[in-house]
Amino acid sequence: MHTWKQAAWLAGFELKARIKRSLLMLAFYTIVGFIFLTSFDNYLADNFYAFDLLFLLLFIMFPAWMKPKIFQMQKMDGDLWTVPAVIMLQQLPVPKAVIVKSRFIIHSVYSFPYQLMLLVMLLVVSSSFREMITPLSYTAFVAIWLAVSVALGFAMAASEAGGTFDTKLLAKSMIYLVLGVAVFYAAFQWLADEGLIYWTIGMAQNWPMLSIGVSLLTIYAGWNYWQRVMKKDIEKADYL
Amino acid sequence: MLPIRLSKESREPIYHQIEKQLKALIAGGHLTAGTPLPSIRALSKDLEISVITIRRAYQDLEAQGFIETAHGKGTYVAEIKDVLKQEVKTASVSESFERAIETARSYDYSDEEMTAIFHAILEKRKKGE
Amino acid sequence: MPSWIEINGLQKSLDDFQLGPISLAIEPGTITALVGNNGSGKSTLLKLVMNLANADAGTIEVFGETAAGKDESWKQKLAFHPQKIIGWDAYTGTTLKEMISSLYGEWDEALFERMVGLFDIPLDKRFGKLSQGMQQKLSLALALPRNTEVLILDEPTAFLDIPSKRHFMDLLIDWMDAKERAVIITSHQTDDLRKLADYIFVMRDGKAIGHYEKEALLESYRRYWLDRLPDGSVPGEMSRDRQQIISGDPAATEHYFAVQNITVIDHAALDLEEIIDLLLK
């Protein structure tokens, strides 16, 4: 527990340094989310495909992009990419496990409030959604999406360990990633014959308890798995 | 800061030069008993000499009774006997003469010529006063 | 005396650069200067000591602990002042002090305040907004008061003005005197080397050239003015110029002069700067 306490204390410095900006960003995010979610009724009615992609982008990627640039992943000397704090804290008597945990706390602060905001807004904005969902299935729906956040979104937190990447290789893997998402998305549409969100609503409605259980398990596993990945990556990387 | 001047041209080891000059300052009464000396590190910086060399000089001086180290309080000039003072003075004067003689020898001066120069300087000094 | 830091056969290869093998021991009570041309691997070596990167071969032990091990509690005993400070830009001096002082048990608040006053450091400004010289001053004011056993300074004085350089040197001397401590310093300022270094560790293109006690190094070179230059090469000869010969082995050179009946008109020691020049050629 001591490590979490120290990690939270260290994360506090970074979070406090740009607190006004963060609140502003949350407001901005709320407005963008609100405008975007007004088309949710359309999505439910016509299975409007692009909505899923935009939702994923808003849900997973946006919070990470909200981080102040000065604290984001950046190119250091040579081909070294990392967040500055990872280097700064390793020069101080801070155990690597604490560094990892402080990054995870920061990522949590930049994702969970935004994501919960989006999920709550869905309920507020869309009347058809309100009609089709019960309190229990809504809880399951939120759990599923938080699991998605931890399983996918925290890969970004873990990637902050950085390392020495060739810029060409980096560009190539970005292309592969985009291609991979596109293929997955197309395959999902083809196999399930419905959108991703629609599918998760179905899961939450039909198997709420199972969905909650699997989600919690995923959250627990993902949270620990990505921390281990990040710690290993920090140990492996050369911060020269 | 101590008036120590090291000659890097000289073949005499640095630690020896430091020792000799400190001894001369003490024997000549310029540094009296109880006067604190700079720390090894501070003297090292002033003279631009490593602490290893300074420590060696201090250790030699301590062994010979010129200085003493009170633990945690630094290094002080010790109370030294008049005999020892005299010894240092004589040694210092002899050394200067030796160097002069060496110079004269290198110009092939004879003992008589050297003595003549020596007396002439003494005469000149007397008149100067 | 057991060494505080012991580097043995350390090697690291990077894209276009090969460091080592390097072996170096740091003893308590000493100041060791790492000297070398740009890109000689000094900063890389220091970062390896701080376990910021993984060596390919060799070991680093800090107070008996393997630096690359799981337990990094030895970092409590080392303060690292990097040449390029990363991650501080968004914070004010006050915030940085709050963070750093809490991480070291022996933090000396009085010394910090003295240095802030002496260097006139504005603590309420963001680090990124300070001039290079001011950044360096703040970084030093946040390094010395950590009161660690070992202080690692990578180019600490490059951007300091002359009075600040002098202040810093005096502070470092007092700091060394207060307790048994050790300093590793890299610097291109010869004044730092002359006044601070006890040992000089010379590196060139990633290789260790030698580890010398300062006076021993100074004594191992000599310049001779001769009445005539001998035709053949003289034992120990490093370079010659008109009537002048620089020797890297004075004993052998002088013996040769005596045997060959060559008259030495004058002789003198070399400056530390000249010697380093010769070593890095």
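The values are calculated or read from the model by the stated rules, or taken from the named source; none is laboratory data. Here the structure is a predicted model, which is why all the values come from computation and not from measurement. Please note: Cβ atoms are built from the backbone with ideal geometry, for glycine as well, and neighbour counts cover all protein chains shown.
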Can you find a residue that is within 29 Å of B:E48 (Cβ to Cβ), touching a residue at least 60 places away in the same chain (Cβ under 8 Å) and either away from every other protein chain (no Cβ under 11 Å) or assigned to a loop (DSSP other than H, G, I, E, B) (or both) anywhere in segment C:55-78? no
Consider C:L217 carefully, then state whether it is at pLDDT 90 or above and closer than 18 Å to C:I152 by Cβ. no
Can you tell me which of C:A68, C:A79, C:A90 is at pLDDT below 95 and crowded, with 18+ Cβ neighbours inside 10 Å? C:A90
Taking segment C:129-153 only, how many residues are assigned to a loop (DSSP other than H, G, I, E, B), within 14 Å of another protein chain (Cβ to nearest Cβ) and polar (S, T, N, Q)? 2
Would you check if A:K101 is in a loop (DSSP other than H, G, I, E, B), buried (at least 20 other Cβ atoms within 10 Å of the Cβ) and touching a residue at least 40 places away in the same chain (Cβ under 8 Å)? no
For segment A:136-152, does any single residue satisfy the condition of being closer than 28 Å to A:K67 by Cα, free of Cβ contacts under 8 Å to residues at least 60 places away in the same chain and surrounded by 12 or more Cβ atoms within 10 Å (Cβ to Cβ)? yes
Quick check on C:E215: is it closer than 30 Å to C:D266 by Cα, free of Cβ contacts under 8 Å to residues at least 12 places away in the same chain and within 14 Å of another protein chain (Cβ to nearest Cβ)? yes
Under the condition of being facing chain A (nearest Cβ under 9 Å) and of a type outside the set (S, T, Y), which residue from segment C:82-95 is farthest from the chain's Cα centre (by Cα)? C:A90
Criterion: touching a Leu at 6+ places or on another chain (Cβ under 7 Å), away from chain C (no Cβ under 14 Å), among the β-branched types (V, I, T) and assigned to a helix (DSSP H, G or I) - qualifying residue of A:V120, A:V142, A:V148, A:V124: A:V142
Within segment B:107-120, which residues are exposed (fewer than 10 other Cβ atoms within 10 Å of the Cβ) and either modelled with pLDDT of 90 or more or of a type in the set (A, V, I, L, M, F, W, C) (or both)? B:E112
Please verify whether C:L171 is more than 10 Å from chain B (Cβ to nearest Cβ), in a helix (DSSP H, G or I) and in contact with a helix residue (DSSP H, G or I) (Cβ under 7 Å, 6 or more places away or on another chain), treating the condition exactly as stated. yes
Would you pick out the residues in segment C:213-267 that are in a helix (DSSP H, G or I) and polar (S, T, N, Q)? C:T253, C:Q260
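Of the residues that sit in segment C:227-257 and are hydroxyl-bearing (S, T, Y) and within 21 Å of C:A216 (Cβ to Cβ), which one is modelled with the lowest pLDDT?
Residues of segment C:227-257 that are hydroxyl-bearing (S, T, Y), as a first pass: C:233, C:239, C:247, C:253, C:256.
If we keep only those that are within 21 Å of C:A216 (Cβ to Cβ) as well, we get C:239, C:247, C:253.
On the way: C:S239: 87, C:S247: 92, C:T253: 91.
Among residues in segment C:227-257 that are hydroxyl-bearing (S, T, Y) and within 21 Å of C:A216 (Cβ to Cβ), the one modelled with the lowest pLDDT is C:S239.
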Residue list for segment B:1-16, filter: within 11 Å of chain C (Cβ to nearest Cβ) and either under 16 Å from B:I67 (Cα atoms) or small (G, A, S) (or both): B:S7, B:S10, B:Y15
Only one of A:I219, A:I212 is touching a Leu at 6+ places or on another chain (Cβ under 7 Å) and more than 30 Å from C:A68 (Cα to Cα). Can you tell me which? A:I219
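Going by what's in this entry, would C:R242 be described as out of contact with any Gly (no Cβ under 8 Å at 6 or more places or on another chain), more than 10 Å from every other protein chain (Cβ to nearest Cβ) and surrounded by fewer than 20 Cβ atoms within 10 Å (Cβ to Cβ)?
Yes.
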Contacts under 6 angstrom Cβ, first residue in segment C:98-111 being farther than 23 Å from A:A17 by Cβ, partner at pLDDT 95 or above, 6 or more apart: C:E106/C:N147; C:D108/C:P145; C:D108/C:N147; C:L111/C:P145
Can you name the residue in segment A:178-220 that is without any contact (Cβ under 8 Å) to a residue 40 or more places away in the chain and small (G, A, S) and, of all such residues, is surrounded by the most Cβ atoms within 10 Å (Cβ to Cβ)? A:G202
Within segment C:31-54, the residues that are on the phi < 0 side of the Ramachandran plot and facing another protein chain (nearest Cβ under 10 Å) are C:I31, C:S43, C:T44, C:K47, C:L48, C:M50, C:L52, C:A53, C:N54
Subset of segment C:182-211 [in contact with a strand residue (DSSP E or B) (Cβ under 8 Å, 6 or more places away or on another chain) and facing chain B (nearest Cβ under 10 Å)]: C:L193, C:L196, C:A197, C:D198, C:Y199, C:I200
Can you report the number of residues in segment C:8-54 which are part of a strand (DSSP E or B) and buried (at least 21 other Cβ atoms within 10 Å of the Cβ)? 13
Quick check on my filter: what residues within segment A:146-167 are under 23 Å from A:F59 (Cβ atoms) and of a type in the set (D, E, K, R)? A:E160
So which residues in segment C:100-128 are at the interface with another protein chain (Cβ under 9 Å from one of its Cβ atoms), over 25 Å from A:D77 (Cα atoms) and not aromatic (F, W, Y)? C:S102, C:L103
